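Some notes on the structure that comes next.
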Amino acid sequence: VIAPSRHMATRLADAGVADVTIQSLGVDTDIFDPRRRDRAALRKRLGLSPDARLLVFAGRPAREKNIESMVAAVERLGEPYRLLLVGAGKDLRYSPAVICLDFERDPVKLAGVMASCDAFLHANENEIFGLVVLEALAAGLPVVGSCAGGVSELIDDSVGQLAQSVTPAGLAEAIEALFARDLGQLSAAARARAVARYSWDAAFEALTALYADLATRRPQALMA
C-alpha cells in the first residue's frame, strides 16, 4: 500500500493496514513557476496598493480547509495584510481584508495568480498530503502551514513558517513571523525544494524504484 505522507501511513497503520510505503506526490514545475509572477498586474486587478502583503489560498470551500480561521487571522492582523481566496470563497462575503476569486480551471492562469502573491496560507491540520502546497512551493511562494498533518512534512523554516496552532491567533503569529524574514530567500528555497524533491521526474523515478524493488522481492506474488 502506497501512502503520500507519514501522516496518512500512520492512519492506515492504526486501521490495521500492513506494509505501507510512503511515496510523495509530484508537481508540474513547468506550469507552477516563479517566472509567471506579475505582482504589479495582480495588485492592479485586485485594486490593491503595491505595499499590500498578499496571502493566497486556493482550494475547495470545504469545512476541513479551516477557511474561517484563515480569514479571522488576516482580519486580526489588519493593514497591510490581505487574503486572496481562489475557489474557496465561493458565494461567501467577507470583510475588505479578504478577496474572493472564482475557481480557476486553467492551471497556467492559476499558477500566474499564485506566483504573483507574497505567501501561501494553509490551515488544515489534518491534511493527508497537501498538493496545493507543492504548487505554491514550485511557484516560489513561502508557505504558512500547520505543524501537524501532511503539510508539516512538506514545509519547514527554510521554505516557510509552521504555525503552532491553526487558530486565528496561531496563524496570525506565524504570518507576522514569516513577513519579518527575507521573503526573497524563502522564495528561492521554496522553488529549489519543489524542483529537487517533488518534480514529476523525481516522483516518477521514486515510484519506478519502488516497483523495481517489489518486482525483485516478490516476483511470484506479482505474477499471481
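What do you reckon, how do M8, M114 stack up by accessible area (1.4 Å probe), largest on top?
M8, M114
Would you mind putting 24-31, 178-185 in packing order, based on average other-beta-carbon counts within 10 Å, highest first?
Highest-to-lowest ranking by the protection proxy: 24-31, 178-185.
Would you pull out the residues with amide H under 5 Å of V86's amide H, same chain only if 5 or more places away, H placed 1.01 Å from N?
It is F57, A58, G59, L101, by chain and number.
What is the extension gain from S49 to I22, computed as 0.36 nm multiplied by their sequence separation minus the C-alpha to C-alpha distance, in nm to one decimal?
Computed gain between S49 and I22 is 5.4 nm.
Give the long-range amide H neighbours of G140: residues separated by 5 or more places, or on another chain, with amide H under 5 Å away, using H modelled in the peptide plane at 1.01 Å from N.
Long-range HN contacts for G140: R191.
Let me know the whole percent of all Cα-Cα pairs from the chain that are separated by more than 23 Å.
48
Tell me, what is the FRET efficiency for D102 and W200 to the nearest 0.05, using R0 = 41 angstrom and their Cβ-Cβ distance as r?
Efficiency, rounded to the nearest 0.05: 0.90.
Report the charge-dipole magnitude of segment 5-155 in Debye, nearest 20, computed about the Cα centre from +1 at each Lys and Arg Cβ and -1 at each Asp and Glu Cβ.
Magnitude of the dipole: close to 520 debye.
Net charge near P4, counting Lys/Arg +1 and Asp/Glu -1 over other residues with Cβ under 14 Å of its Cβ?
+1
Over what distance in Å are the Cα centres of segment 1-72 and segment 112-171 separated?
6
Assign unit charges at the C-beta atoms only (+1 for Lys and Arg, -1 for Asp and Glu), then state the dipole size of segment 50-135 relative to its Cα centre in Debye, rounded to the nearest 20. Before the final figure, lay out each step's value.
Working: 10 positive and 13 negative charges, 32 e Å.
Here segment 50-135 has a charge dipole of around 160 debye.
How do 207-217, 36-46, 126-136 rank on mean C-beta neighbours within 10 Å, highest first?
126-136, 36-46, 207-217
The values are calculated or read from the model by the stated rules, or taken from the named source; none is laboratory data. All of these numbers come straight from a predicted model, not from anything done at the bench. Using ideal geometry, Cβ is built from the backbone for each residue, glycine included, and neighbour counts are taken over all protein chains shown. SASA here: full protein model, heavy atoms, side chains in, ligands and nucleic acids out. Shrake-Rupley method; radii C 1.70, N 1.55, O 1.52, S 1.80 Å.
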